Amino acid sequence: MLRSEWWRSAVIYQVYPRSFSDSNGDGLGDLPGITQRLPTIRNLGVDALWLSPFYTSPQKDAGYDVADYRDVDPRFGTLADFDALVAEAHRLDLRLIVDLVPNHTSDQHVWFQQALAAGEGSPERARYLFRDGAGPDGDTPPNNWESVFGGPAWTRVPRPDGTPGQWYLHLFDTSQPDLDWENPWVREQFHDILRFWLDRGVDGFRVDVAHGLIKKKGLPDYVAPKGGASMGGHASTPPYWAQPGVHEIYRAWRKVLDEYPGEQVLVAEAWVNPLSKLAQWVRPDEMDQAFNFDFLETAWDATAIRRVIRDSLAAFGKVGAPSTWVLSNHDVVRHATRLAITTDHVQGEGIGPKSPDKPNRVTGLRRARAATLLMLALPGSAYLYQGEELGLPEDVELPDSARQDPTWFRTNHERYGRDGCRVPIPWEALAPAFGFSPTGESWLPQPPEWAGYARDAQEGQPDSTLELYKAALALRAQHGLGLGDVDWLRGYPEDVIAFRNGNVIVIANVGTQIVTLPPGVIALSSEPVSANLPGETTVWLEAAQA
Ligand code: NOJ
């Protein structure tokens, strides 16, 4: 059968289940809520969905702490609800990618519970990274690694007799012990987990912390440089990220996926740079996509944006892979706010009432619309995060008492963390919880002014961000932009990014000076334009046919 390689140009919509749509009114989104709203998402014009975790979990890290990889958490529904969701997605011609969290389990997972009970030196302990402590009494952690969420990456557990015993590694929260991926038993388990979801009809997996599974032998000490995303992406390579041994794991997974008909994909969440190194995750026998976080983290600066686009196309092109563009997700400040931040901003820090920066909302949205129009004109795949099609900003006023991100607690309230981008999204301006839940319950409070962002308030309004996204997605498909090329256009000021992709000329004016437009029919623009292109605006022109 001829392969369509659909993922090369697909636009994929990230659903964050707890904040998408709550069908039973408990304030937490759920699977039936997603199924009910699928036609609306189909209507947006995307090709696929990625669902963040909905598995059985104590929810210490919003479901990225999985206690059973083969079941649905009752808070989100049942396996039957999941099957209904897959069926409805496929009926609507939407593919469905699920999240897989292989780096760590929940401490409530039976494997970890067995490891604790079985004691030192047992095969059960060998599934995780248990080590003796340093110092004469073993009361110092085995090494100096820090958790991504702040604080030490090791926790000590008592022996069955109650005396202090070994330590286990957790690159994230204490409730998320890291598995030992050198252990073949662990590898086998995950092959079965892949098959479990493939058998249920999923179209692929977004792989959490795909750069972290293998740790350097001997677990040597390491001090991370200041700055840079907390999830990685530093110039140097820490002994817990981007170790070469990780690649054989994905080569084996590729083979598991190849047992199935269809074109199921593997998507890497790997905070790795430079881009040439990240491209190793998408070599032909490994994964299909790797989120381009270098693009996401690029400041609102034309030279920097041009450079990252050029480098991305070159680096991924070298291994025959597309670039996977992304501007927002559930771990970063929403781009309608981030692009107006004027100080240095580090991923994972978040932004809140006491942050020194007060990003201007009008500037943020204007830049976000321009950035999205630029992104959707690029060849490759693109991911959208629920709510960005509404122009939703980060909730920068979220009360401290509502916060739930472990980052907030593990840094003693020094870093706000990621709750501000996770607030449940508004559907109907006048309904309780803006239509998120029938009772008005919401696990994080929604700002009252979000009524103005509600989907029903934007639907059919020509200037709305929602209609801009719909038009962009329709034109992108019509002109085949996702499978096109970037042909740079010269003669524009430094602040302007200009290229041709097939029949479309794309001009992004990142600066504030007005730019005269070349001939062509204006197909779409992020702000109203005439013969001139105002500042902080992107336009798509249909080129006159040669
Ligand atoms: C990346 C996920 O996107 C994030 O939300 C989570 O906290 C960490 N991985 C740990 O699983």
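Numerical summary
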{"read-out": "Residue in region 479-488 that is open to solvent by 80 Å² or more (accessible area, probe 1.4 Å) and over 20 Å from Ser9 (Cβ atoms) present", "value": "no"}
{"read-out": "Extreme residue, farthest from the ligand (Cβ to nearest atom), among residues of region 45-68 that are among the aliphatic types (A, V, I, L, M) and either open to solvent by 10 Å² or more (accessible area, probe 1.4 Å) or over 18 Å from Asn329 (Cα atoms) (or both)", "value": "Ala67"}
{"read-out": "Test: residue in region 108-126 that is surrounded by fewer than 23 Cβ atoms within 10 Å (Cβ to Cβ) and of a type in the set (Ser, Thr, Tyr)", "value": "yes"}
{"read-out": "Leading residue by the ranking (nearest to the ligand (Cβ to nearest atom)) among those in region 192-213 that are over 20 Å from Ala270 (Cα atoms) and not in a loop (DSSP other than H, G, I, E, B)", "value": "Ile193"}
{"read-out": "Qualifying residue in region 154-171 (condition: assigned to a loop (DSSP other than H, G, I, E, B) and farther than 22 Å from Ser122 by Cβ)", "value": "yes"}
{"read-out": "Region 146-178, subset within 15 Å of the ligand (Cβ to nearest atom) and among the aromatic types (Phe, Trp, Tyr), residue farthest from Asn103 (Cα to Cα)", "value": "Phe149"}
{"read-out": "Cross-chain or 6+ apart pairs with Cβ under 7 Å, region 314-328 first and touching a residue at least 60 places away in the same chain (Cβ under 8 Å), then among the aliphatic types (A, V, I, L, M)", "value": "Phe316/Ala279; Phe316/Val282; Leu327/Leu296; Leu327/Ala371; Leu327/Met375"}
{"read-out": "Members of region 179-188 that are more than 16 Å from the ligand (Cβ to nearest atom) and open to solvent by less than 10 Å² (accessible area, probe 1.4 Å)", "value": "Val186"}
{"read-out": "Only one of Asp199, Asp203 that is open to solvent by 50 Å² or more (accessible area, probe 1.4 Å) and of a type outside the set (A, V, I, L, M)", "value": "Asp199"}
{"read-out": "Helices (runs of 4 or more DSSP H) completely within region 361-460 that count 1 or more residues being open to solvent by 10 Å² or more (accessible area, probe 1.4 Å) and over 28 Å from Gln176 (Cα atoms)", "value": "361-375, 455-458"}
{"read-out": "Flag for Val207 being within 19 Å of Phe54 (Cβ to Cβ) and touching a residue at least 12 places away in the same chain (Cβ under 8 Å)", "value": "yes"}
{"read-out": "Residues (open to solvent by 10 Å² or more (accessible area, probe 1.4 Å) and either in contact with a Pro (Cβ under 7 Å, 6 or more places away or on another chain) or not assigned by TED's automatic domain parsing to the domain that holds Leu38 (or both)) located in region 95-107", "value": "Asp107"}
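The values are calculated or read from the model by the stated rules, or taken from the named source; none is laboratory data. Keep in mind it's a predicted model, so treat the numbers as computed, not measured. FYI the Cβ positions are ideal-geometry reconstructions off the backbone, even for glycines, and counts take in every protein chain you see. Calculation scope for accessible area: heavy atoms of the full protein, side chains included, ligands and nucleic acids excluded. Shrake-Rupley method; radii C 1.70, N 1.55, O 1.52, S 1.80 Å.
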